[in-house]
Amino acid sequence: MTDTTMRDRRETDRAITTVWRVEQARVIASLTRMVRDISLAEELAQEALMAALRTWPETGVPRNPGAWLMQAGKRKAIDYFRHRKMAAGKLEEIGRTVEDEVPDTETALHDALDDDVGDDLLRLIFTSCHPILPPESRVALTLRLIGGLTTEEIARAFLAQDTAIGQRIVRAKKTIADAGVPFEVPRGEEREERVASVLGVLYLIFNEGYSATAGQDWMRPQLCEEAMRMGRTLAQLMPNEPEVHGLLALMEIQHSRAKARTNSKGEPVLLMDQNRATWDQLMIRRGLYGLARAQNLGGIAGPYTLQAAIAACHARARKAEDTDWGQIAALYGLLNQVTPSPVIELNRAVAVSMAQGPEAALPIVEKLRSGKTLENYHLLYGVHGDLLRKLGRHQEANTAFLRAAELTKNDRERAFLLGRAAESTT
């Protein structure tokens with residue numbers, strides 16, 4: 001094989017990888033509608049990918065690669081049912097759109113696919129995030145089917161064993177099949193409940209990327225990128241859902257600070273100490289636009305829209321001292337009324353401290369410490385230590401920071417908290 005041939009093959013392989021990452025969810029979604037089985041649809045899609053790997057190096061990447069993959073998947077479905085001599089009606093249904101096609105109709109096929117692929121993808125998102133599944137299974141299945149991540153990539157992102165993630169995904173698909181979950185977008189109250197589940201999954205994925213709960217890395221940008229990519233897809237598919245735009249706005253504004261959140265050694269940098277010149281202004285503008293859209297759609301009091309409004313207060317401040325902490329504290333107060341949570345109250349305490357001083361915030365944190373809900377939440381002790389330090393109570397602050405370091409599972413965060421404990425003794 002010549003150098004030119006090898007180079008061409010590598011370029012084709014890279015093109016196939018890129019195309020597959022973009023088209024995988026669409027292909028699986030459309031095949032699931034046809035065969036009514038997620039596992040089977042995923043297998044057929046993989047076979048279509050293998051066909052592309054065999055064919056495209058010789059013929060080149062087609063004009064509409066997504067249509068090519070979909071057509072190949074349909075043919076694999078026909079073969080599957082034909083070989084098993086079952087579902088004759090389904091064979092006729094699938095075959096009707098494929099058997100008479102010729103290569104010249106590829107573009108027409110692609111256009112036809114676009115007529116319903118959006119609905120198919122939305123159905124797949126709602127299915128993979130079904131409340132019948134435990135949260136960790138929803139996350140794994142969504143990253144696998146919608147995000148296109150491999151089992152190994154998901155396991156690496158969550159510091160889990162490949163086999164454990166693989167089993168989680170298999171069990172999730174089996175649970176959906178055994179329960180006879182329909183491949184559809186629910187309506188009415190059930191739709192509202194499922195939208196919350198879908199958004200919750202994306203939020204979990206983003207948060208794990210934004211502040212990793214364990215391991216050596218402070219952030220895992222790939223998970224943030226995947227959550228935002230899926231959020232943008234959902235916003236296109238559900239343009240009138242305010243909280244969809246609210247969550248996307250929240251993620252984009254938060255992620256705009258990614259480059260400033262660590263130093264050259266990968267160590268965390270607190271918000272007030274970040275170099276705001278490195279914040280991504282384009283992402284901030286997109287986030288602010290999404291926030292305005294969510295608010296205009298009537299989602300002003302939605303939990304994700306409220307969090308996006310809080311993030312926007314930080315984004316609009318050119319300098320740390322320009323931050324409107326009074327507005328942030330008020331927004332956290334409203335958020336805590338909408339979705340009561342001790343974590344939200346803890347965040348409100350931080351804002352109150354910045355707006356009114358540590359003396360005003362300390363009673364809020366002390367009340368949280370008296371309860372049991374956050375007794376093993378390391379950030380409670382981190383905030384407590386920060387307030388105590390500002391009040392000159394260094395020994396107590398030292399104890400709080402050490403307790404926070406003991407509770408965190410993230411190596412970077414532990415080192416950061418131990419460093420703060422050392423500072424508080426001086």
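Some points to look at:
- Pairwise FRET efficiency - Arg316 versus His394, Cβ, R0 = 35 Å, nearest 0.05: 0.50
- Sparsely packed trypsin sites (Lys or Arg not before Pro) within the stretch 372-426, loop by DSSP, other Cβ within 10 Å at most 15: Lys372
- Inter-part distance, the stretch 56-73 to the stretch 150-193, computed on C-alpha centroids, equals 28 Å.
- Between the stretch 19-35 and the stretch 238-314, the alpha-carbon center distance in angstrom: 30
- Inter-probe distance in nm under a simple model that places probes 7 Å from Cα toward Cβ, at Ser370 and Leu271: 2.7
- Between 0 and 90 degrees, the angle of helix 188-210 with respect to the longest Cα principal axis of the chain falls at about 70 degrees.
- A cut-off of 5 Å between modelled amide H atoms, ignoring neighbours fewer than 5 places along the same chain, links Thr262 with Val269.
- Carbon and sulfur %, accessible surface of the chain computed with the full protein complex present, 1.4 Å: 51
- Between 0 and 90°, nearest 10: helix 221-237 axis offset from the chain longest Cα axis: 60
- Crossing angle, helix 325-338 versus the chain [Cα axis fit, 0-90 degrees, rounded to tens]: 60
- For the chain, with +1 on Lys and Arg beta carbons and -1 on Asp and Glu, the positive-most of Val198, Gly299, Gln161 along the dipole: Gln161
- Relative contact order of the chain, pairs being alpha-carbon contacts under 8 Å that are 6 or more residues apart, as %: 10
- By definition, a body whose alpha carbon gyration tensor gives a ≥ b ≥ c is oblate when a/c is 1.5 or more and a/b is not larger than b/c, and the stretch 314-365 fits this oblate description.
- Inter-site label distance for Met50 and Asp162 at 7 Å from Cα along Cβ, in nm: 1.8
- The calculated 222 nm mean residue ellipticity attributable to helices in the chain amounts to -24000 deg cm²/dmol, summing -39500 (n - 2.57) over DSSP H runs of n ≥ 4 and dividing by all residues.
- Candidate cross-link partners of Lys174 among the lysines, defined by an alpha-carbon separation under 26 Å and a same-chain spacing of 8 or more, comprise Lys74, Lys76, Lys85, Lys90.
- Highest-first arrangement of 23-29, 296-302, 222-228, 33-39, where packing means the average Cβ count within 10 Å: 23-29, 222-228, 33-39, 296-302
- Per residue value of the accessible surface for the chain (all protein chains in place, 1.4 Å probe), Å²: 49
The values are calculated or read from the model by the stated rules, or taken from the named source; none is laboratory data. These figures come from a predicted structure and were not determined experimentally. Backbone-built Cβ (ideal geometry, glycine too); neighbour counts: all protein chains shown. Surface areas here come from the heavy atoms of the whole protein model, side chains and all, with no ligands, DNA or RNA. Shrake-Rupley method; radii C 1.70, N 1.55, O 1.52, S 1.80 Å.
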